[in-house]
Every structure is written in C-alpha cells, then in structure tokens.
Amino acid sequence: MVIRVRRLANRKVSQTSTSFLLCLSGSLACITFLFVAKRDDSIQQETIISVISAGKAFVCLQNVLLIGDQIFLFANEGAWTQVGTGIGYGTPFTNIIPIDPLISNLIEFRRVTYLKQASIFSVMWPNAFRTLYGTIAAASAAENCDLSLKESVILLKESKIPLYKTIIEEIVTHPVNLLNKSSTNVAFIRSLVVGTDSNAKIAELEEEPFLDCNEPWSQSDALRKRLCHRNQLYQEWLAPLRPSRLDGREVLTVTVIERMGSTRILRNNRRFIYCLSRILKRVAVRKVSLEGLSLSHIVKIMGATDVLIAVHGAALANMFAMKPESFVIELFPYEFEKKIYRNFAMLSGLRYLSWKSPKRAASTFDIGAIESLRSDPSLPLDKVMSVPVNWSSLDSKNYWRNQNFSVDINQVVDLAHMAVASLEGEKERFLMFMPWEQLNNQLVGIRSACAMARMLNRTLVLPSIGYRTGNWSTFDPRSFVWKPYHEYFDIHALHSWPCRWVTLDNARFLVKNIIDVSIYNPVSPRDSNFSNQWYFRDVEGFSIQQSIEVHKMYQLSREEILRKLSPYYDKKVIAFGSLFWVYNFEKEWNYPLESFIDFMDNNEYRKISQGIVPKDFLVNVASDRAQMLGKFLAVHIRGGDYVAKCAQIKNVSLNRHCKPTETEIIRAIVDEGAERLIDQVYISTNDRSVSLKLQRSLASLGFTVFSTFDFNNAGFDDIQKSLVDIVVCSKAFQFIGNYFSSFTRSIVEIRTLSGQNSKFW
C-alpha cells in the first residue's frame, strides 16, 4: 500500500486552511480532507497547529501520519515540537512535526496501516497507581476529543512495556501497543488524541473536598462539577477490576504491606504486627509483600482485605481492588505527607485514615543512598535536609520520603481498632468543638473538650488551630487561618490524655463528614449564632443534620454537663461551639478574679495539660533564644484588647492586677532583679509601643532587655510566634505574668509541670 499526498488548490475559509488529496495505492478512491490551523493559547504561547481541538496537556488531531514515534501533520505555520504524553513530572514527550503544505512532489511510504482512532499516552512509572492514573487521564482526554479509549488503538509512549500493562488491557479489553521510535512503519490515523487530561489529575499535596454530587448545580459549582465528573470516570473504569464482595468469611482481615529494599522500612515492624495481632483478637492479621506477585494474585489479596495498612508509596494504589467502604491506613515518616492516596481512596469509595511520625528521633536516614539519587548536586545538603519539604526539589522529596522510621504502636493500633469496630457495626460516638478566639482560649477549650469526651464516653476529634486575619468586632471563623492540630503540637505527647482522640481528617472518614447535632453555646456578646455553621460547615466542610442552642454552658460541674447533654446521648457526632471553661474541673470562681486559679491540682486537668506540647522545632527555636538570654526574668504584659477588658474592672486593686502601670511594672522587675541577681529581662507582649518604652526605662537602670519583637520571626505564623514566646517564658529563671490572661496561664502551667514558680502583677 502506498500513501500519496498532493496539495490541491487553496480554498478560502474563515481560518487558514489547506486541502489535501490522499490516495491509497491499489484503490480507485481518494480521500479529500481539510486541515484547519487553530490557535489555542491555553497550551503554549507559540501554538499554531492544525488541530481539531486542544485541552490542558492533550491535543486532538485528525488525519495524521505516524512514522515510528513521530507525528506528521500538515500545517501552514509552526507546530508543537513536543507534547507531553504523561501526567506529572518526568513526562515523556512525543514530537509533532509539520509538513510544508506547499510541497509539490509525491511522498511515498510503504507498509501503511490505517487506524480509525488511536491514543498516545504514557504511564511513566511501572507501578499500579501511575498505570491507573495515566490510563484514566488518557480516557478523559479521549472523551474530550469525542473518542473512546476502549475503541482506540493504544500506543504507549514508554521505554519498556510497563509491569502493569495487564491493568490497561483489563480496562480497555484489548491489547495495547508500544510506540517503536526506530520503526519505519507508517500509520495513517483518522482521529488521534495525544496526552492526558490534567483535569483528571488527583491533587497530590492538598486535601480534596468531600463531595455531594447529588445536590443541584449552581453557577459557582464549576469545581464540584468537574471533580464529580472525574470521580464518576474513575469509578466506571475501576469497577471491572474490583472483585465482588466475598461471602462466607467469618472474620475480618487486616493486611499489612511489608516493603522490600532499604528505604521507607518500619523499624519496629515485627513488634507492631505482634501487637496488632494480640489486640485485634477478632480479626486475621497478615503481613504480605506484593513485589513480584502477578496482578491477579494482588487483586485476590486486596479483595479479601478489609483494612489495609502500608507505608506511603505506590503499593497503596492496589487499594483499587478493595471492596467499597473498606479502610486504608497510610503511615508517613517524619515531616513528609502527601494527600494523593487519601484523595484516591475517597474517590474509590474507601475510608482513609493516616498516621505521621511526630519525632525525627524515630527516623534514620541513609545519606549514601540519598546522595546516589541526587538530581541537583549543586543544592547544598543542608538545604536538602531542611524543613519543610521543598516539593519543587526532587532531592528534598527523596530525602524526606526515604526515611526508615518507627511507628507509635499504640496510636496506629488504635486507628486499626477504630476501623475494625466501624466495619463490625460498633457505634463509636464522637465529640467535636469549635476553637474560640485566640490560641490560649482555644487551648482552654481543648481541656474542657477532653474531660467532657471522657465523661460522655466519646472520642474527641482534635480541632484545627487558628489565628485571626479579619477584624475583631465579631468572632467569625471564616476570617481565621486554620491548620491541623499536629501542625503546631506534638501528637506523641497525647499519651497522657485521659480521653480517646482522633485527628480531624481521620474523623471525616469515620463519621462520613456528618455532624448529627450542632450545639451553639454563646460565650460573649461578640459571638454569632451563625458561628457554628461558619466553622463546621464553611471552614471544615461538614454537613450538619440538626442545630440547637443551649445557654448557660459555663463553669458546669460533671453532673450538670451529663444532665444537659442527656437528650443527645445516642447521637453519633455532637459538635459544640466554644467550650471555653464549660467544665469547671470541680472548682468555682467569680469574675473579676481576685487571684490566679490553679487547676493543676486536678489530676485530670494536669494530665490533659501534660499532653499539650509544642512541636519539637518550635521548642528548639525557643530553647536557643532562652540559652542566648542566659539567666533571665521573663514578664508578660498584655496590651491591645486587654486595655478595654481591664477597664471593665471597677475595683481599683483588681484593675492593677489586670493592667499595671509602667511604674508598677518597672518596680516589680527591679525588685525581682535585685532579689534574684538578674539583669537580663525578656518582655513578652503584643504591644510594641509598651515594649519600646519599657526597654528604654529598664536599660537606663542597667538591665539588658529583649522583647518578642527583637527576634527574627520570619516564616512563622501567629500561632508559631505565640508558642515560641510561651516556651521562652517557661524557661526563664523567674516569670511574672497577668493572672487574668490565658496566655500567662499557658506559661505558668508549663512551669508548674517542670517544678518552677511564677508570680503575678
């Protein structure tokens, strides 16, 4: 067969165009077709190519010649020299080469194959996840080109046949082909899609939202509509690979994937599996290595798995063969966490839990192995090793990803137990609450929440921690920046807590993002009865089934709490507004305070306080500052909103405890300095003008004075700055604070735990 291409007379059309006559030797028929040059700035700035349509990371072509792995098409000007065919970094490319339409000679090719429709793409890495990911993204691209991947000849752009080639063939139900760049064979392709649809990508670093795709669409729902369509595509394509529910099994199965090789190994894996087997007595616990197994064998293992536990890595992609509603537990090393498998689990109809190592000391790093993987030797090793992970640097990612680490066995076994209990139908009940106002008020609420969760036999959902970016006229959670609890505090320290707890993201999958009852309990005139909805629905994305208002939830005894909440005992999830001093920890007090109320003699309160520990890197920064200061006196002086708050205290004596004058502050510092032989002072304050005045006055008296504002806090957010300040003050030789302030309370209670005294204005 010979293809002959002749240029015909130009025809005037609305866009630049060229007509060609294509004749197949041995045939009396010739095919006339029209190429249209179309500009699409969404692909590349210089894009002018004879295409039918184009989308992000893919292009739809018609009537092209494929010689080896080179695509030839007729164009009046320019072309893509390279088109990415894969999805993500490291993408292989396919060349598209324009043929001058003004050629007058005949072009002859032998051994021509005619293809009605075809797809060229890459799965990039020979593992199950990238194979699924690339294939479904290619299917989405084909759909956008009005083609069907199942009816297309698939031409894989790979250096070798992928290990999971059978996955693609299982999906499309016909063999796939490998592009051979050295081949001189020629194919004439009527319709061709090149590349993959970026809209089918799964977010790697960010959590994708829980979606209700059954709700009516609005004009602002473009993102939800796109994600729902993508999820539907995944579910359709994964369905043939998933086994039907296995019947006749008497017990649930927990499968732990064991990694081979030298990196991302659980150092205490043997002990972990032993404890898992001993504690989860009603289930079968098995350890497997998937390397070298056939796809059918892997599918069989996953189909019989109810709870899958694995270290972050491509092996988790095999969750595609698990039954809907099963659980996946992903284990992360220190400071490394991606959301891609969480998002993949969610769109696969699975429930996902995760655990991340909170301690660098629990990890080991093979510097030699990491150096062998270096892609940028010019990047200094200290930059590679610094936190947070630099996601744009392959070296940084490889360093933090390839740790060997130990898991906190108790915490991970607890997650597995929650998963098993849920699958067995046990009704675990949860308590949530909305953190209120500034950091230390939020921490007061956490103490009440843990104690209440214990007395109500509920699991506490760890709240987000937030700081304000909007105005102070009302408490609006939407004007806060919220981050997970573990971004600021050490999860490992929660061993001391008397209550059960679970992270917010894990709770989402355990409760299916549904709150049964939201209880609004106003704390101050600045609160709004919409604040619960703003936080739980708008900020955290939960669906609220019922909202009620309960007043006078302040300084309640255990008996009063149980009585007020008894109507909601059977509700799976109850979510409170602020829990600021809702529980009185068996003490009574009146406002304005006449002295500091010490709760640390309450054993429950003390255990909760012991577990609230800032993350190591914040403690290290604070320790360095304290060491530089030497033997120093720390003082806390509250400004800003406290000026108005203290003005409400009409008792003159008590008012001075809340807002001492500059003279009273200096006198107290001078007296303490003389008694303790201290001439170094650290001023913790949110009021820069107060700090500057005191620094000048104290310097004239011979003191060396530092304040919050004298240190470089670049890169720290408001919560991190506050926590560093708290820890610095907790390490002082002596501390003087404001007993009305929850900031002072945080410092005093840390000092109490370490056996240090504190004083008050």
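Brief remarks follow.
- Failed item in (1) in contact (Cβ under 8 Å) with a residue 12 or more places away in the chain; (2) within 29 Å of residue 744 (Cβ to Cβ), with residue 471 passing the rest: (1)
- Any chance residue 435 is surrounded by fewer than 21 Cβ atoms within 10 Å (Cβ to Cβ), under 21 Å from residue 746 (Cβ atoms) and either under 20 Å from the mean Cα position of the chain (by Cα) or not β-branched (Val, Ile, Thr) (or both): no
- Odd one out for residue 98, checked against (1) modelled with pLDDT of 75 or more; (2) touching a Leu at 6+ places or on another chain (Cβ under 9 Å); (3) not in a loop (DSSP other than H, G, I, E, B): (1)
- Only listed residue being farther than 24 Å from residue 489 by Cβ and either touching a His at 6+ places or on another chain (Cβ under 6 Å) or open to solvent by less than 50 Å² (accessible area, probe 1.4 Å) (or both), chosen from 407, 420: 420
- Selected residue (criterion: most open to solvent (accessible area, probe 1.4 Å)) from residues of the range 702-715 that are closer than 24 Å to residue 746 by Cβ and not in a helix (DSSP H, G or I): 712
- Residue within the range 388-397 that is of a type in the set (Val, Ile, Thr) and either closer than 26 Å to residue 512 by Cα or surrounded by fewer than 16 Cβ atoms within 10 Å (Cβ to Cβ) (or both) present: no
- Filtered residues of the range 355-379 (kept if open to solvent by less than 60 Å² (accessible area, probe 1.4 Å) and out of contact with any strand residue (DSSP E or B) (no Cβ under 7 Å at 6 or more places or on another chain)): 358, 359, 368, 369, 370, 374, 379
- Residues of the range 441-460 that are among the polar types (S, T, N, Q), part of a helix (DSSP H, G or I) and under 25 Å from the mean Cα position of the chain (by Cα): 442 alone.
- Of all residues in the range 677-701, those satisfying the criterion of being buried (at least 19 other Cβ atoms within 10 Å of the Cβ), within 44 Å of the chain's Cα centre (by Cα) and modelled with pLDDT of 90 or more are 681, 682, 683, 684, 685, 694, 695.
- Scan the range 247-268 for residues that are touching a residue at least 12 places away in the same chain (Cβ under 8 Å) and under 24 Å from residue 333 (Cβ atoms) and the total you get is 14.
- Qualifying residue in the range 179-201 (condition: touching a residue at least 60 places away in the same chain (Cβ under 8 Å) and closer than 19 Å to residue 349 by Cα): yes
- Every residue from the range 390-414 that is outside any helix (DSSP H, G or I), in contact with a Lys or Arg (Cβ under 8 Å, 6 or more places away or on another chain) and under 30 Å from residue 497 (Cα atoms): 403, 404, 405, 406
- Where strands (runs of 3 or more DSSP E) sit wholly within the range 304-387, none has at least 2 residues that are farther than 19 Å from residue 407 by Cα and at pLDDT 95 or above.
- On the stretch given as the range 470-491, residues that are assigned to a helix (DSSP H, G or I) and surrounded by fewer than 18 Cβ atoms within 10 Å (Cβ to Cβ) total 3.
- Odd one out for residue 158 among (1) open to solvent by less than 20 Å² (accessible area, probe 1.4 Å); (2) at pLDDT below 85; (3) in a loop (DSSP other than H, G, I, E, B): (1)
- When residues of the range 125-155 are limited to those that are open to solvent by less than 10 Å² (accessible area, probe 1.4 Å) and of a type in the set (Val, Ile, Thr), the one modelled with the lowest pLDDT: 131
- A residue that is touching a Pro at 6+ places or on another chain (Cβ under 9 Å), loosely packed, with under 15 Cβ neighbours inside 10 Å and not hydroxyl-bearing (Ser, Thr, Tyr) can be found somewhere in the range 524-539.
- The listed residues are 540, 559, and the only one of them that is under 27 Å from residue 345 (Cα atoms) and of a type outside the set (Gly, Ala, Ser) turns out to be 540.
- Boolean, residue 594 is surrounded by fewer than 17 Cβ atoms within 10 Å (Cβ to Cβ), over 32 Å from the mean Cα position of the chain (by Cα) and touching a residue at least 40 places away in the same chain (Cβ under 8 Å): yes
- All positions within the range 122-159 that are among the charged types (D, E, K, R) and in contact with a Cys (Cβ under 9 Å, 6 or more places away or on another chain): 146
The values are calculated or read from the model by the stated rules, or taken from the named source; none is laboratory data. What you see is a predicted model; the values in this text were computed from it and never measured. Note: ideal-geometry Cβ built from the backbone for every residue, glycine included; neighbour counts use all protein chains shown. Note: accessible area is taken over every heavy atom of the protein model, side chains too, but ligands, DNA and RNA are not part of it. Shrake-Rupley method; radii C 1.70, N 1.55, O 1.52, S 1.80 Å.
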